[in-house]
Amino acid sequence: MTSADNINLLSGKIHPACLDEDALLKDCKIQHVKRSGPGGQHRNKVETGVVIKHLPTNVMGEASETRQQARNRQAALFRLRVNLAVECRLENIPEHPSTLWKRRLSSGTVKVNLEHHDFPALLAEALDTITHFQFDVKSASQFLGCSSSQLIKFCKKEPRALSWVNQMRQQAGLHSLK
């Protein structure tokens with residue numbers, strides 16, 4: 001996990017984890033690599049592994065588990081978006097939760113699968129909001145329209161996110177979340 005000092009602050013209005021694929025890739029460098037592992041000689045001879053680096057933040061996502069470059073590209077892009085969500089914070093949050101957040105909120109619960117395309121954007125919004133409210137999860141959850149326990153449960157879906165929030169809370173003299 002990155003330390004608090006390594007968190008990138010972004011001055012834009014849209015978090016890169018929330019951008020569509022084409023917009024995000026405009027700021028990225030894609031590299032195709034050979035990786036070892038299951039797949040035999042074909043895998044070792046062909047550059048099916050994909051590494052995507054977001055140039056403004058130096059955050060990367062990579063994948064090489066399949067023999068299909070297109071599948072690895074999609075997995076690397078998703079991992080990049082999750083890594084951006086965890087490692088980058090917006091300096092200012094919008095005045096209201098996003099339409100995406102409101103659409104995914106049902107009876108105070110954020111409904112999204114960990115592997116769904118919307119997950120990185122929702123995670124970025126949750127972490128940006130928690131940061132904006134100086135790691136006061138109760139205030140952040142009230143702003144987002146969910147309970148504190150639901151916001152914590154959502155952050156637990158990506159262990160690095162909860163770990164970072166707890167690290168920042170400890171630095172601020174607050175107790176860790178469970």
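Laboratory data are not the source of any read-out in this text; all were calculated from the coordinates shown. Computed from a predicted model, the values in this text were never measured in an experiment. Positions of Cβ are backbone-derived with ideal geometry, glycine not excepted, and every protein chain shown enters the neighbour counts.
Tabulated data for the structure shown
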item	result
Dipole in debye (nearest 20) - the chain, about Cα centre, beta carbon charges: Lys, Arg +1; Asp, Glu -1	620
Calculated FRET efficiency for the pair residue 92/residue 156, C-beta based, R₀ 22 Å, to 0.05	0.25
Net charge dipole size for region 42-129 [Lys, Arg +1 and Asp, Glu -1 on Cβ; Debye, nearest 20]	440
Computed E for residue 71/residue 107 - FRET, C-beta separation, R0 22 angstrom, nearest 0.05	0.05
The chain, relative contact order in percent, only Cα pairs under 8 angstrom and at least six apart counted	20
Summed side-chain charge close to residue 124 - residues other than residue 124 whose Cβ falls under 12 Å, Lys, Arg +1, Asp, Glu -1	-3
Rough spin-label spacing in nm, given labels placed 7 Å along Cα→Cβ, for residue 149 and residue 136	2.2
Formal net charge of residues neighbouring residue 153 (Cβ-Cβ distance under 13 Å; K, R +1; D, E -1)	+3
CD proxy at 222 nm, helix term only [per DSSP H run n ≥ 4: -39500 (n - 2.57); per residue of the chain; nearest 500]	-13000 deg cm²/dmol
Mean-position separation - Cα centroids, region 68-115 and region 117-166, in angstrom	11
Most to least packed among 155-164, 20-29 [average Cβ atoms within 10 Å]	155-164, 20-29
Only Lys, Arg (+1) and Asp, Glu (-1) charged, at Cβ; region 93-171 dipole about Cα centre in debye	260
Helix runs (DSSP H) in the chain reaching 20 Å along axis by Cα, Kyte-Doolittle at least -1.0	69-87
